[in-house]
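**Student:** I have a structure here, written as C-alpha cells, and I will follow up with some questions on it.
The values are calculated or read from the model by the stated rules, or taken from the named source; none is laboratory data. The shown structure was predicted, so the numbers you read here are calculated from the model rather than taken from an experiment. Don't worry about glycine lacking a Cβ; one is built from the backbone with ideal geometry, like all the others, and counts go over all protein chains shown. All accessible areas refer to the heavy atoms of the entire protein, side chains included, with ligands and DNA or RNA removed. Shrake-Rupley method; radii C 1.70, N 1.55, O 1.52, S 1.80 Å.
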Amino acid sequence: MTDLTNLLQSVPPAIASAGSLVELEAIEAETIGRGSGIADARRGLGGITDAQERRETGRAINDVAQELTRLIADRRAVLALAEEDERLQTDRADVTLPGRRPPLGSTHVITQTMDEIVDIFVGLGYTVARGPEAETDFYNFTALNFHETHPSRLESDTLYLDYGEQEEEILLRTHTSPMQARYMEQHDPPVFIVVPGKVFRADAVDATHSPVFHQIEGLAVDDSITFADLKGTLAEFTRQFFGKDTEVKFIPHYFPFTEPSAEMHAYTKGRWIELLGCGMVNPAVFEHVGYDPDKVTGFAFGMGAERMAMVRHGITDLRALIDPDQRILEQYR
Ligand code: DAH
C-alpha cells in the first residue's frame, strides 16, 4: 500500500517533466505497464484472504492506476502538439527559394541543321517528302539512269539487304535521290519538294566518312524551269544558311540523273568549299516516271547534312558529331 501511495508522490513530477513522447512512453511502461509495481500489486490481490481487505486494496490500486493514466494522457496530448509544432517549423518550405530546374535535352546538331535547311526551302514554297531507307535497286539506281555497270552498284559501295531469292535487289539507299522518282510517279507536275533523311554506304568511319549519314534532296519540276532558276534558288538558300554576302559558284560535274550537272561551291570563312551536287533533271529520269520530257523541265540537288553542319560550325572531324559525348554535343544547343 505504501508503495502505491509513494507512486502518487514520485511519478507525477516525472510525467510532468517528460520532454518527449518516447520518454513519456518509458515512464508509462515502468509505472502502469506489465512489469510495473501496479501490475505486481494486482497480482498480489489473490493472496489476500480477507474479502473486505481485498476489495479495498483493489479499489486503491485502481484509483492510483487511473490517476496515473489520466496524467500520462494529458501530458501525451501536450507533447504531441509540441512535436507537431516543431515539425511544422523545421519542415517549412521556403517558397521564395528559386526553383530547381531539371536538366533540359535538345535536338542533335544534325537534326537542327536538317530542320533549318528544310525550313529555308519551305519558306521558298517547297513541301517535305520522305521515302523508305530500305530501297529497291530500281529507285536507287535504274530510275535515276545509273548504268547497269555503274561502280556505285558494287557491294564495296552499297549495303545490300539479304531477303533471299528476290526478283529485285533490296538495299539501304545510298542517297535521297530515289525519292525523286517515287514522288514523280505518284504526283503530276509541278513538283517542288525537299527530302531529308538517312542514307547508307559501305564506308568505314573516319574524319570525313560514316556508313550512316544524312542528306537533303531537292527537286523542282515545272513547264519552264531553267538553269537560272537552279542557280537563283541555291544561291538564295546559301545566303540564308551561311549569311547574306555568301558567294557561290557552279563547277561542271557528272551525275547520271542530271544533265548538265554541277557542284556548287560557296565562299565562306575565307575559302571556297564544295557544298552540294545539282543539275537539270535528265530527260531519261522523266521517261522512267512517265513525265513527258518535251513538256517539263526541272532541276535537282542533293547535300549532306553532316557536311553543312561541319562547314557552318567549323568542325573538322565528323566523329565529333557521331560520338555520344555530351561535352561536345552540348556546345551546339
Ligand atoms: N545523290 C547525289 C549523291 O549522293 C547528290 C546529288 C547530286 C543529288 C546531284 C542531286 C543532284 O539531286 O542533282 O552524291
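**Student:** Among the residues of the stretch 133-156, write down those that are in contact with an Asp or Glu (Cβ under 9 Å, 6 or more places away or on another chain) and open to solvent by 70 Å² or more (accessible area, probe 1.4 Å).
**Tutor:** Within the stretch 133-156, just P151 meets the criteria.
**Student:** Output the residue which, of all residues in the stretch 194-215 that are more than 16 Å from L276 (Cβ to Cβ) and within 12 Å of the ligand (Cβ to nearest atom), is least open to solvent (accessible area, probe 1.4 Å).
**Tutor:** The extreme case among them is F200.
**Student:** Still on this model: Which ones in the stretch 216-236 are free of Cβ contacts under 8 Å to residues at least 24 places away in the same chain and either within 15 Å of the ligand (Cβ to nearest atom) or more than 30 Å from H288 (Cβ to Cβ) (or both)?
**Tutor:** K231 - this is the single residue of the stretch 216-236 that is free of Cβ contacts under 8 Å to residues at least 24 places away in the same chain and either within 15 Å of the ligand (Cβ to nearest atom) or more than 30 Å from H288 (Cβ to Cβ) (or both).
**Student:** Another one. Taking the stated definitions as given, is K231 in contact with a strand residue (DSSP E or B) (Cβ under 8 Å, 6 or more places away or on another chain), assigned by TED's automatic domain parsing to the domain that holds Y183 and open to solvent by 30 Å² or more (accessible area, probe 1.4 Å)?
**Tutor:** Answer is yes for this residue.
**Student:** Do you know which residues across the stretch 304-330 are farther than 18 Å from E236 by Cβ and within 14 Å of the ligand (Cβ to nearest atom)?
**Tutor:** Once the filter is applied, which keeps residues that are farther than 18 Å from E236 by Cβ and within 14 Å of the ligand (Cβ to nearest atom), the stretch 304-330 yields G304, A305, E306, R307.
Per-residue answers, yes or no, for (1) within 16 Å of the ligand (Cβ to nearest atom); (2) of a type in the set (D, E, K, R); (3) outside any helix (DSSP H, G or I):
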position: T238; (1), (2), (3): yes, no, no
position: M264; (1), (2), (3): yes, no, yes
position: W272; (1), (2), (3): no, no, yes
position: M280; (1), (2), (3): yes, no, yes
position: F286; (1), (2), (3): yes, no, no
position: D292; (1), (2), (3): no, yes, yes
position: G302; (1), (2), (3): yes, no, yes
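**Student:** Using the structure shown, decide if L7 is surrounded by 17 or more Cβ atoms within 10 Å (Cβ to Cβ), modelled with pLDDT under 85 and in the same structural domain as E86 (by TED's automatic domain parsing).
**Tutor:** For L7, the condition - surrounded by 17 or more Cβ atoms within 10 Å (Cβ to Cβ), modelled with pLDDT under 85 and in the same structural domain as E86 (by TED's automatic domain parsing) - is met.
**Student:** Quickly run through the stretch 295-323 and pick out the residues that are at pLDDT below 95 and in contact with a His (Cβ under 6 Å, 6 or more places away or on another chain).
**Tutor:** none
**Student:** Which residues, taken from the stretch 249-261, are touching a residue at least 24 places away in the same chain (Cβ under 8 Å) and crowded, with 16+ Cβ neighbours inside 10 Å?
**Tutor:** F250, F255, P256, F257, T258 - these are the residues of the stretch 249-261 that are touching a residue at least 24 places away in the same chain (Cβ under 8 Å) and crowded, with 16+ Cβ neighbours inside 10 Å.
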